[in-house]
Amino acid sequence: MALIRTEGLSRAFTLRSGAVTALEGIDLQIEAGEFVAVMGPSGSGKSTLMHVLGLLDRPSGGHYAFEERDVTTISRDEQARLRCRRIGFVFQAFNLLPRHTARENVELPLIYARLSPRDRRERAADALEAVGLGHRLDHWPHQLSGGEQQRVAIARALVNNPAIVFADEPTGALDTQTGADVLALLAELNRLGRTLVLVTHDANVAAYAGRIITLRDGRLVDQGWQQARLMP
Ligand code: ADP
Ligand code: MG
């Protein structure tokens, strides 16, 4: 099943100085179970593509089907509901709430799921356990290393059991070794069946993915299929 299918997708921003075309003519397909890296130089449209595919933003034109459902024209409420239930995000800056413990941060996406507080706590603890942080449940973000904070963010992205996780430069704020550990964790999650989209400008980071798609000036210049076929 194509988890993601776009046709002629575009996104333009209107500024006082004129229009900026961030994405144009994007025809893209991502299957369930894939680990895809989105590469391209700064300003090529990677984050914009992630925001549109992740239902944080809306396209200006073209078509987008998520889980074979046309989401181009759904209401903003429906878009938000779908995003909360089916999509997880990891960002470069971790984006944890500083006055919440690791476990409370991971519980946040569950607030909208109809779960008892006790079930929420258990699910959050399980998710932290799964990223190797079972011993850090009640720590505050400032008591955790950068790599640990990013693993909390990954647990938060996973706690709803989403269909797909988008990670935008998830190792950009980490040293090389810690970054490699986080990438190994993401690769392991993919091996267990999770669909992942990793946005990066770094070829060493993209190398963890099974397929690399390349953007240049808002256009998709390589779908990476040939290279995916060459993989063992
Ligand atoms: P990348 O993540 O590859 O660095 P972005 O997707 O952030 O690239 O940006 C692509 C282009 O779209 C850039 O020219 C950027 O300036 C422009 N852009 C992105 N977001 C906005 C916005 N909210 N308003 C205006 N222009 C934007
Ligand atoms: Mg970006």
Considering only region 134-178, how many residues are out of contact with any Gly (no Cβ under 6 Å at 6 or more places or on another chain) and hydroxyl-bearing (Ser, Thr, Tyr)? 2
Please work out which residue is nearest to the chain's Cα centre (by Cα), limiting yourself to region 1-37 and to residues that are among the aliphatic types (A, V, I, L, M) and farther than 22 Å from Leu198 by Cβ. Ala12
Strands (runs of 3 or more DSSP E) contained entirely in region 1-88, each with at least 2 residues that are within 13 Å of ligand 1 (Cβ to nearest atom): 2-15, 18-31, 35-39
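When only residues in region 172-202 that are within 16 Å of ligand 2 (Cβ to nearest atom) and within 13 Å of the chain's Cα centre (by Cα) count, which is surrounded by the most Cβ atoms within 10 Å (Cβ to Cβ)?
Result: Leu198.
One line per residue, one yes/no per condition, for (1) in contact (Cβ under 8 Å) with a residue 60 or more places away in the chain; (2) surrounded by 15 or more Cβ atoms within 10 Å (Cβ to Cβ); (3) within 19 Å of the chain's Cα centre (by Cα):
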| site | (1), (2), (3) |
| --- | --- |
| Met39 | yes, yes, yes |
| Asp57 | no, yes, yes |
| Gly62 | no, yes, no |
| Arg83 | no, yes, yes |
| Arg86 | yes, yes, yes |
| Val90 | yes, yes, yes |
| Asn105 | no, yes, yes |
| Glu122 | no, no, no |
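So is Gly40 at positive phi, within 16 Å of ligand 2 (Cβ to nearest atom) and of a type in the set (Gly, Ala, Ser) or not? Reasoning before the result, please.
Values: at positive phi: yes; within 16 Å of ligand 2 (Cβ to nearest atom): yes; of a type in the set (Gly, Ala, Ser): yes.
When the stated conditions are applied, Gly40 passes them.
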Select from region 147-203 the residues that are among the hydroxyl-bearing types (Ser, Thr, Tyr) and under 19 Å from Met50 (Cβ atoms) and write down the one among them that is nearest to ligand 1 (Cβ to nearest atom). Thr200
Answer yes or no as to whether Leu158 is away from ligand 2 (no atom under 16 Å from the Cβ) and touching a residue at least 12 places away in the same chain (Cβ under 8 Å). yes
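None of the figures in this text is laboratory data; all of them are computed from the coordinates on show. Predicted model, so just to flag it, every value in this text is computed and none were measured. Note that each Cβ is placed from the backbone with ideal geometry, even for glycine, and that neighbours are counted across all protein chains shown.
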